[in-house]
Amino acid sequence: MNRSFLTIVLIFLFSLSVPAPAQTEPPHDAAWHFQEGMTAYQAKDYAGFLSHFREAYGLRPHTPTVIYNLACGYSLTGQTDSALKYLGHLADLGMDMGADRDPDFDSLKNSPRYQEIVGRFAVLKNSVNKSTVAFTIPEKDLIPEGIAYDPVKKIFYLGSIRKRKIITIDMAGQVGQFKGPGEDSLTAVLGMKVDPLRRILWVVTAVLPEMEGYNSEMRPVTAVYKYDLEKGKLLGVYPSLGDNFPHQFNDLTVGPDGDCYITDTETGEIYRIDYESNKFEMVYPAGTFWGANGIDVSEDGRYLFVAAYSEGVYGIDLTSGETNFIPSPAGASLYGIDGLYYNRGNLLAVQNGLLPHRVIKFALDDSRRTAVKSEILEMNNPRFNEPTTGVIVGDMFYYIANSGLGNFTPEHQLLPPDSLSEVVIMKVGL
């Protein structure tokens, strides 16, 4: 198993496992089998490794890291046909996880089928460049993650993880400031959304080690901030509810009724802030969406779409409460989505959880339960450095091309200034 893939494994394992309440016989969920499988792998118990990942696959069949490890397990135990089957499945999804560099597949190297699959992975090294630069921001250590747009004032809002602030950008590219560093006790700024009708800016915040002023004694607080767009006044703060789970709110969206929906990546929960009553509540419990990240609601307010980072996208009928997993179309995957946006029957996604990073559009069928086709809008752009989120403005999609989230050491220290680049906001036509 190659080193880069082990990084993906560790991210999957330690960021997406939800602690279960203590009980005599804890259920063996997919995360447990994942961990036990990796332990068996390190001990070179390849039969045990395969057994655990077969169990994990039965529980989470849409998770590419599980599929990849399943292929590794079959290869290491001499089951060539099954190994090729699951590698081929990843190629069908347009996902290169480094199989051609992984010694776990040495036994397959002379197989014509293996060479054909590797050839399909190689196609992913091609570039798709349909975007142009909208703005550049010279503040190299900004480390932005969330972006929003006010169609009334024609202003973008860009949040900073590192600087704990929110800046503005007008259509001419002029930069201003909405909230200064640490103002209103801001911590790292993540997802943001403008409610233009009610003149509100919703902001997700979290205490993260990448932010200035962080120390290990800080409580890991995460919260939603509600701002008056006209006055810049803080209207309310909604911290995570008190329980035994670690929380990290990540992104949010606003329905036509003003209700705000928030994802919690750590627990897989979804929260709602009711606009009329101001009630803050959990509406989908822990473990519902593994790595809940991007989120958006349809224009009519009926459907909520949630990106489960380690699986794909779920659709929720807010009228009936029915939840369904949206199958990926041929040749693409809904895995590894950070920013997710609904637009006239399509889903737009910024994917930084798979290689190569890309911006992609998925067309939904009339039921909005299945993605029927896909179109890559940007891939293998040399400006990309952890693209994160975006915002739809008319017929254009603006997105953060180089958040710089990869510019930290393992100890969360920012790299030297001469290795950083100006922040780039790109745009692509829809």
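In the context of the full set of protein chains, residues of the range 72-224 present 42 Å² of accessible surface per residue (probe radius 1.4 Å, heavy atoms only). Pairs spanning more than 19 Å between alpha-carbon atoms, out of LYS130/LYS165; LYS85/LYS373; LYS179/LYS231; LYS193/LYS231; LYS165/LYS361: LYS130/LYS165; LYS85/LYS373; LYS165/LYS361.
Counting Lys and Arg as +1 and Asp and Glu as -1 over every other residue whose Cβ lies under 14 Å from the Cβ of ILE316, the net charge comes to -2. Can you send over the carbon and sulfur percentage of the accessible area for the range 97-239, probe radius 1.4 Å, protein chains only? It is 51 percent, rounded to a whole number. Hydrodynamic radius of the range 60-134 by the Kirkwood approach over all distinct alpha-carbon pairs: 13.0 Å. Of all the accessible heavy-atom surface of the range 350-430, with the other protein chains kept in place and a 1.4 Å probe, what percent is carbon and sulfur? Answer for the range 350-430 is 50 percent, counting heavy atoms of protein chains only. Here is how the number arises for the chain: DSSP H runs of 4 or more residues each give -39500 (n - 2.57), the sum is divided by the residue count, and the result at 222 nm is -5500 deg cm²/dmol.
Which cross-chain or sequence-distant (5 or more) residues have an amide H under 5 Å from the amide H of VAL393, H modelled 1.01 Å from N in plane? Here TYR398 satisfy the definition. Applied to the range 222-229, the Karplus parametrisation 6.51 cos²θ - 1.76 cosθ + 1.60 on θ = phi - 60° returns per-residue 3J(HN,Hα) values of 10, 7, 10, 9, 10, 10, 7, 5 Hz, with x for Gly and Pro. A straight Cα-to-Cα reach below 20 Å connects LYS109 with the aspartates and glutamates ASP81, ASP92, ASP96, ASP100, residues fewer than 8 places away in its own chain not being considered. Protein-only accessible surface at a 1.4 angstrom probe places the residues GLU386, GLU411 in the order GLU411, GLU386, largest first.
Highest mobility in the GNM of the chain, judged by mean-square fluctuation with C-alpha springs under 10 Å and restricted to THR389, THR132, THR409, is found for THR409. Using R0 = 25 Å, the C-beta based FRET efficiency linking ASP300 and LEU241 works out to 0.30. Could you work out the local net charge near ALA307, counting Lys and Arg as +1, Asp and Glu as -1, over the other residues with Cβ closer than 12 Å to its Cβ? After counting each charged neighbour, the total is -4. Cross-link reach is defined here as a Cα-Cα straight distance under 20 Å, omitting same-chain residues fewer than 8 places apart; for LYS153 the aspartates and glutamates meeting it are ASP170, ASP195, ASP228, GLU230, ASP395. Each Lys and Arg adds +1 at its Cβ and each Asp and Glu adds -1 at its Cβ; summed about the Cα centre, the chain shows a dipole of about 880 debye.
Relative to the first principal axis of the alpha-carbon coordinates of the chain, what is the inclination of helix 3-16, with its axis defined by its Cα atoms, in degrees from 0 to 90 and to the nearest 10? Result, in degrees: 60.
The alpha carbon centroids of the range 92-130 and the range 312-328 are separated by 31 Å. Compared with the dominant Cα axis of the chain, that is its longest principal axis, helix 46-59 is turned about 50°.
Helix 64-76 and the longest principal axis of the C-alpha atoms of the chain enclose an angle of approximately 20°.
The values are calculated or read from the model by the stated rules, or taken from the named source; none is laboratory data. Keep in mind the model is a prediction, meaning the values are calculated, not measured. As a convention, Cβ positions derive from the backbone with ideal geometry for all residues, glycine included, and neighbour counts pool all protein chains shown. With ligands, DNA and RNA removed, areas are computed over all heavy atoms of the protein, side chains included. Shrake-Rupley method; radii C 1.70, N 1.55, O 1.52, S 1.80 Å.
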